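Here the structure is laid out as structure tokens; the discussion comes afterwards.
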Amino acid sequence: MHAEPSKPKQFHALPSIITFVSIFVVLLLIAVLNAPTMGGPKVMNSITVFFQEVKATALPFLAVIAVGAAVIGLVAARMINKVWGNTRLRRETLTGFAFLAPYLLVTLTFTIGVVLFAFYISFHNYDIFTRPTWVGLANYAEAFKGFSDSTKRDFLQALYNVLWYSILVVPIQTFLAIQMAVLLNKPMKGKQIFRTIFYAPSVTSSVVITLIFVWLYLKGGYINALFNSIWGLFGAKWTTVNWLGDPRGLIQMIVEALGGKIPSTQWFFRGPSIAWMAIMVQNIFTTVPTFMIMFLAALQDINPALYEAASMEGASPREMHSKITLPMLKPIISLVVVLGTIGTLQVFDQVYLATKGGPLKTSLTPVFLIYQEALGINGPIHMGYASALAFILAVIIFIFTFIQRRGIEKGTERY
Amino acid sequence: MKRTLTVVSLILVLSMILAACATPAAAPTAAPGVEPTKAPAVEPTKAPAAEPTKPEPAAGTCPIEVEPNATITFSGWGDESEQAVYKATIERFKAVCPTVTVNYSPIPADFQTKLKAQMAGGTAPDVFYVDDQLMTAFAPTEQIMALDDFMAQAKVTREDFIPALMTIFTQNGKTYALPKDWGTLGLVYLPEVFKEVGIAEPTDKWTWEDVRTAAKKISEGGKYGGFCMGADWARFSPFATSYGNAFVSKDLKTATLDTPEVLAAAQFVADMFKEKSLVRAADVSASWCGEAIGKKLVGMTTEGGWMVNTMKTTFADVEWKALPIPSGPKNQSDIIFTNGIGVNASSKFPKASAAFVIYATGRDNQAEIVKTGFAYSTHPDQADLIVDPNDKAIAQGGLLPDTIVAYWGPNTGKINDAVSQALDRIFLGDQDVATAFKQAQAEAQTALDSK
Amino acid sequence: MTTQAEALDFGKQANKEARQKKTVSSLLRYLALVLIGLVMLAPFILATVGTFKTDIEIIAFPPKFFPATWHVENWVKVWNTDIGQGGTFPRWLLNTGFLAVTVAFSQVIFGSMAAYAFARLSFPGRDAIFNFMLGTMMIPGAVTLIPAYVLMTKLHLINTYWSLILPGLVGAGSIFILTQFFKSIPKDMEEAAVIDGASHLQTFRTIILPLARPAILTVLILQFQSMWNAFLQPLLYLNSPDKYVLNVALSIFQQQYKAQWNYTLVGAMFNAIPVLILFFIFSRYYIEGVAYAGIKG
């Protein structure tokens, strides 16, 4: 059997070069747009001054991107070269990229370019109105200075807060979502209506929900009134709580009820504050319905024959739930847990609207801190530092979700 | 798909119709003046529905020579009463500098953030309010103009203004904004509470000790709280300064929160809280101490000129009186909240902009503003123009020689927060005075040392 | 030894007990559902009733459920709010609606184009780009927030609608949903068209798009909702009162009417009601969309 002679590799000069050049130019243009320079009216209102500034501060940035652009350009040129000979493949490739072009342009400019800018800036001190100055890893180090200097512990405290948030909210919202989905899963009258009503809180914006809850949480609000009436049923008196202004931590209150005291220097033993937990409740309220819907859909995919077989073997509902339902839901549970974690580690809206980080910084979150530092809300603008914090947060989120995915996948291996 | 489109277009059409028909409205009433938030970026006293006054026949000439056909934009914060005041200012300015057109575009919320955004993007207005946050953001890099040359041309000097007010707006000896108004705290009390408890009403010679004694007597009755105060750096500042020290040294390099004077003042406040002669607003179920007075829940508190409007609009039938701030062992001193107006360094019409700033903060205009009851004049010699007697009494605090503006440089907010949080921890019983202020001192020093 | 009659009786009895058990358990279930439903709706109900109260009633403690008189004028007053420079409720409603609709449709158009490329076309680099797209979904918003803002200032897009529309033209989420759906459409339909010589564009327009109605509706609704409820970007990018979206206006409201909750809640209701109405009309699509996104995720 003779081997087919391979087709001679042709070099299509024009298309390859055009591809390379156009991709290189576009990427470089996006880079220049995103180039880290000083801001302010003098720079923004004159192209010449802008380019001067680019020359002054953004050349390393552009150089690195140029290299990347060249590589991508080469890869693209090679690919075009490969498909150019084959008319069908050529047509499909060109159509494919034409269809993808809007997405690629938008993402490259507004996501990738921006992320690269943020990364570059995180190694600088940048307050917008002066040129960025290189500081290496100083911003990253600064974030963790709280370990040695307790006056610089804002970021650590923010991380502490969202970790508690994640640990409490994710399991609770997953559990509640599953329970509600199971409850709704039986065929019955009005199922649609209940489903719709349950989902309503997730539909409105976080601003609306937060405002309503701030009002409900007032010292003279409905939540206190509710507790008042419940306590009243047992003849006890309820002291109204200023929910969103109470900095006492969960563990701290337990310890104090038992007669102990956690000194203020060991604030990290105190647990989430009442205010913070109040925000958690509000958040769970809005996220459970969304996850409930996902679980409902997954439940409907489970073959009812499984349940029939199990019940004939005498399995109790409880056993069926834990041995059939839960394992079959594992992929959705995994998704919900991962989405939940990503969401809880980035809490911002509620803090901005309700507590602004208080009381006593017990509701401070990394994203809120980033916002404060980047816009100079409580001091000078520290955009470099804010970018570093953002990347640290990104890494933490990535690690968390990676571990979670692994952990849940391991659990499903049995099946 | 079609259905979606129809519904969506219906909504769009409906909203457009509504937009066309919406009556240009009766603006809703302003919120009661809440106590000042951290930065001196605080609203001064609110006017009882100020009418834009008719422009006076050109009493003066334009402060400085301006560019021909200048058009400038002017931006600030504030509710309708404040906006009315500045609309009137613009009218008066037009009479004096007729060739300048001023476009007023107030930004009611998130002013500092928006202005920084605009400045970064090169679209900031020519003239705008400047508070400590914006001074920090713009002055070091000269995004706002130094006004000294223009002031010289207009024959205006720094000494024309109340000295304490100029501290925020000065950098390297140069003036970057001129103060547009200011507020301060005074002792506010309810005569009927004093009558009921049977003690003499406060006088303007009172000390904090007198306040404490009276508050104790009032609270013993069980019906009223004695003296209302929150864990608030602004309310604490008069205590500290009257005991002899401010939060930060005069050279703005060292925090002074662990000095004996400040600690003594803090201990005084802590003792008052412990013996329950001092209560927080939340302790009497009010959202701020002004409301506690209006609802007759406490006998005394320290509040500012905004009480005039609050009491008039929300608690009209409650009789109240105000006196200058009480004195402490070392002196009688108060805290001042102020904001200024500055000029964008990239303004195309710097002279016209400077002229507006100088006019708006000048004696003629300030006198008009005082007459509306909106704010106090920034010129010390105009203090007697204040109409309301309570307002006048409160304002006295601002003219005292040891009165300060709580401005400590770029990180003022953090330092003030450290003080508020220390007080919070003391009130919670979490830390004693020494520990709380030791922590505040460390935090404040870190803030001072950082860039 | 039980007779047949007794056995029958026994059976009937067992059935009856089983049915009673079932009735009791389904009664309990209904009870639980109703309770949960009330809890879910409680904030909205309380807030809506609250909007008719006076500003003293609304923070009175202990709170009475019903207002003494129903102050409908609260709604009128808030609707007529004018904070100057064109900042009025109808305007904000229009802005929010305009942005939400524009972004929703644009995401469908450009997203389905990209999805078609991923699902139907085969070319080198396709999978790499798809994975790249999935990767971008993992980038937390905090990282891009402020630098995107700086970029917008450079492009002089601050305070224009473009600052929200351009980045929102197309996104990974929509593309993902649409791709998965396209993949599930059987290829026979297009094969006929291809044989007839239709170009990809024609196939895309005439065959795939009509078939993808459910996914398109899902994307429309999810993107509409996402843009309607967006807060941080509009807060930073849209600065003048005539450009505010409802969320931003609402947060200003909160600052302006600090203690007057009755007005603030009216503002909140104005924000929530359009979305809730849309939701109740299209609830089936909303819910199926979320479910769909969840399954495929």
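The values are calculated or read from the model by the stated rules, or taken from the named source; none is laboratory data. Computed from a prediction, not measured in an experiment: that's the story for all the values here. We place every Cβ from the backbone using ideal geometry, glycine too, and count neighbours over all the protein chains shown.
Is it true that C:THR144 is hydroxyl-bearing (Ser, Thr, Tyr), modelled with pLDDT under 85 and either in a helix (DSSP H, G or I) or in contact with a Lys or Arg (Cβ under 9 Å, 6 or more places away or on another chain) (or both)?
Considered against the rule, which asks whether it is hydroxyl-bearing (Ser, Thr, Tyr), modelled with pLDDT under 85 and either in a helix (DSSP H, G or I) or in contact with a Lys or Arg (Cβ under 9 Å, 6 or more places away or on another chain) (or both), C:THR144 comes out as yes.
Do we find a residue being more than 7 Å from chain C (Cβ to nearest Cβ) and without any contact (Cβ under 8 Å) to a residue 40 or more places away in the chain anywhere in region A:193-215?
Yes, some residue in region A:193-215 is more than 7 Å from chain C (Cβ to nearest Cβ) and without any contact (Cβ under 8 Å) to a residue 40 or more places away in the chain.
Report yes if B:PRO98 is within 11 Å of another protein chain (Cβ to nearest Cβ), out of contact with any Asp or Glu (no Cβ under 8 Å at 6 or more places or on another chain) and either part of a loop (DSSP other than H, G, I, E, B) or among the small types (Gly, Ala, Ser) (or both), otherwise no.
no
Filtering region B:308-327 down to residues that are hydroxyl-bearing (Ser, Thr, Tyr) and not in a strand (DSSP E or B), which residue is modelled with the highest pLDDT?
Residue satisfying both the conditions and the ranking: B:THR310.
Quick test of your reading of the structure: A:ASN378 fulfils all but one of (1) in a helix (DSSP H, G or I); (2) without any contact (Cβ under 8 Å) to a residue 12 or more places away in the chain; (3) touching a helix residue (DSSP H, G or I) at 6+ places or on another chain (Cβ under 7 Å); (4) of a type outside the set (Gly, Ala, Ser). Name the failing condition by number.
(1)
Taking B:PHE427 as meeting all but one of (1) in contact with a strand residue (DSSP E or B) (Cβ under 8 Å, 6 or more places away or on another chain); (2) under 26 Å from B:TYR189 (Cα atoms), write down the number of the exception.
(1) is the only condition that B:PHE427 fails.
A:PHE194: part of a helix (DSSP H, G or I), farther than 13 Å from C:PHE44 by Cα and touching a helix residue (DSSP H, G or I) at 6+ places or on another chain (Cβ under 7 Å), yes or no?
Answer is yes for this residue.
Any residue in region A:401-409 that is at pLDDT below 90, within 11 Å of another protein chain (Cβ to nearest Cβ) and surrounded by 15 or more Cβ atoms within 10 Å (Cβ to Cβ)?
If we filter region A:401-409 for residues that are at pLDDT below 90, which is where we start, we get A:401-409.
This time we only want the ones that are within 11 Å of another protein chain (Cβ to nearest Cβ), so: A:401-402.
The next check asks that each one be surrounded by 15 or more Cβ atoms within 10 Å (Cβ to Cβ); those that pass are A:401.
Yes, that holds for at least one residue.
Give region A:69-87 a look and list any residue that's away from chain C (no Cβ under 11 Å) and either part of a helix (DSSP H, G or I) or buried (at least 17 other Cβ atoms within 10 Å of the Cβ) (or both), or say none.
Answer for region A:69-87, where residues must be away from chain C (no Cβ under 11 Å) and either part of a helix (DSSP H, G or I) or buried (at least 17 other Cβ atoms within 10 Å of the Cβ) (or both): A:ALA69, A:ALA70, A:VAL71, A:GLY73, A:LEU74, A:ALA77, A:TRP84, A:THR87.
What helices (runs of 4 or more DSSP H) completely inside region C:201-274 contain at least 2 residues that are under 24 Å from the mean Cα position of the chain (by Cα) and over 30 Å from B:THR73 (Cα atoms)?
Values: elements: C:213-228, C:232-237, C:246-256.
Hits in region C:201-274: C:213-228.
List the helices (runs of 4 or more DSSP H) inside region B:328-417, counting only whole elements, that have at least 2 residues being aromatic (Phe, Trp, Tyr) and in contact with a Cys (Cβ under 8 Å, 6 or more places away or on another chain).
In region B:328-417, B:350-360 are the helices (runs of 4 or more DSSP H) which contain 2 or more residues that are aromatic (Phe, Trp, Tyr) and in contact with a Cys (Cβ under 8 Å, 6 or more places away or on another chain).
With C:SER163, C:SER226, C:SER184 as the choices, which residue is among the hydroxyl-bearing types (Ser, Thr, Tyr), more than 20 Å from C:ILE83 (Cβ to Cβ), within 11 Å of chain A (Cβ to nearest Cβ) and surrounded by fewer than 23 Cβ atoms within 10 Å (Cβ to Cβ)?
The match here is C:SER226.
Which residues, taken from region C:77-125, are among the aromatic types (Phe, Trp, Tyr) and either within 8 Å of chain B (Cβ to nearest Cβ) or in contact with a Gly (Cβ under 8 Å, 6 or more places away or on another chain) (or both)?
Passing the criteria: C:TRP79, C:PHE89, C:PHE98, C:PHE123.
Out of A:SER322, A:SER387, A:SER363, which single residue is surrounded by fewer than 19 Cβ atoms within 10 Å (Cβ to Cβ) and of a type in the set (Ser, Thr, Tyr)? Please lay out each step first, then the result.
Details: A:SER387 fails: surrounded by fewer than 19 Cβ atoms within 10 Å (Cβ to Cβ); A:SER363 fails: surrounded by fewer than 19 Cβ atoms within 10 Å (Cβ to Cβ).
Testing whether each residue is surrounded by fewer than 19 Cβ atoms within 10 Å (Cβ to Cβ) and of a type in the set (Ser, Thr, Tyr) leaves just A:SER322.
Any idea which residue in region C:154-200 is modelled with the lowest pLDDT, counting only those that are polar (S, T, N, Q) and assigned to a helix (DSSP H, G or I)?
Step one: list which residues in region C:154-200 are polar (S, T, N, Q), which gives C:159-160, C:163, C:174, C:179-180, C:184, C:199.
From what's left, assigned to a helix (DSSP H, G or I): C:163, C:174, C:179-180, C:184.
On the way: C:SER163: 91, C:SER174: 89, C:THR179: 87, C:GLN180: 82, C:SER184: 79.
For region C:154-200, the residue satisfying everything is C:SER184.
Could you please let me know if C:GLU288 is surrounded by fewer than 23 Cβ atoms within 10 Å (Cβ to Cβ), in a helix (DSSP H, G or I), within 13 Å of chain A (Cβ to nearest Cβ) and not hydroxyl-bearing (Ser, Thr, Tyr)?
yes
Is it fair to say A:TYR307 is touching a residue at least 60 places away in the same chain (Cβ under 8 Å) and among the hydroxyl-bearing types (Ser, Thr, Tyr)?
Against the criterion (touching a residue at least 60 places away in the same chain (Cβ under 8 Å) and among the hydroxyl-bearing types (Ser, Thr, Tyr)), A:TYR307 does not qualify.
Looking only at region B:137-151, count how many residues are of a type in the set (A, V, I, L, M) and either out of contact with any Phe, Trp or Tyr (no Cβ under 8 Å at 6 or more places or on another chain) or closer than 18 Å to B:LYS114 by Cβ (or both).
3
Yes or no, residue by residue, for (1) part of a helix (DSSP H, G or I); (2) crowded, with 19+ Cβ neighbours inside 10 Å; (3) more than 14 Å from chain B (Cβ to nearest Cβ):
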residue: A:GLY136; (1), (2), (3): no, no, yes
residue: A:ALA158; (1), (2), (3): yes, yes, yes
residue: A:ILE167; (1), (2), (3): yes, no, yes
residue: A:VAL170; (1), (2), (3): yes, yes, yes
residue: A:MET180; (1), (2), (3): yes, yes, yes
residue: A:LEU183; (1), (2), (3): yes, no, yes
residue: A:PRO187; (1), (2), (3): no, no, yes
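Among C:VAL39, C:VAL76, C:VAL101, which is part of a helix (DSSP H, G or I) and over 24 Å from the mean Cα position of the chain (by Cα)?
C:VAL76
Among the residues of region B:288-307, write down those that are surrounded by fewer than 24 Cβ atoms within 10 Å (Cβ to Cβ), in contact with a strand residue (DSSP E or B) (Cβ under 9 Å, 6 or more places away or on another chain) and at pLDDT 90 or above.
If the condition is that a residue be surrounded by fewer than 24 Cβ atoms within 10 Å (Cβ to Cβ), in contact with a strand residue (DSSP E or B) (Cβ under 9 Å, 6 or more places away or on another chain) and at pLDDT 90 or above, then B:LEU297 is the only one that fits.
Where residues in region A:138-156 are hydroxyl-bearing (Ser, Thr, Tyr) and in a helix (DSSP H, G or I), which of them is nearest to the chain's Cα centre (by Cα)?
So the residue we want is A:TYR140.
Can you name the helices (runs of 4 or more DSSP H) wholly within region A:233-347 that have at least 3 residues being in the same structural domain as A:LYS219 (by TED's automatic domain parsing) and closer than 30 Å to C:ILE287 by Cβ? Give the steps one after another, and end with the answer.
Values: elements: A:250-257, A:274-300, A:304-312, A:317-320, A:326-344.
Passing ranges, in order: A:274-300, A:304-312, A:317-320, A:326-344.
Scan region B:254-298 residue by residue and report those that are in contact with a helix residue (DSSP H, G or I) (Cβ under 7 Å, 6 or more places away or on another chain) and aromatic (Phe, Trp, Tyr).
B:PHE268, B:PHE273
When you check A:ILE178 against the structure, is it closer than 30 Å to C:PHE110 by Cα and either hydrophobic (A, V, I, L, M, F, W, C) or in contact with a Phe, Trp or Tyr (Cβ under 8 Å, 6 or more places away or on another chain) (or both), yes or no?
Values: closer than 30 Å to C:PHE110 by Cα: no; either hydrophobic (A, V, I, L, M, F, W, C) or in contact with a Phe, Trp or Tyr (Cβ under 8 Å, 6 or more places away or on another chain) (or both): yes.
For A:ILE178, the condition - closer than 30 Å to C:PHE110 by Cα and either hydrophobic (A, V, I, L, M, F, W, C) or in contact with a Phe, Trp or Tyr (Cβ under 8 Å, 6 or more places away or on another chain) (or both) - is not met.
Taking the options B:ILE341, B:ILE369, B:ILE358, B:ILE325, name whichever one is away from every other protein chain (no Cβ under 14 Å), over 30 Å from B:THR99 (Cα atoms) and under 21 Å from the mean Cα position of the chain (by Cα).
Of the residues listed, the single one that is away from every other protein chain (no Cβ under 14 Å), over 30 Å from B:THR99 (Cα atoms) and under 21 Å from the mean Cα position of the chain (by Cα) is B:ILE325.
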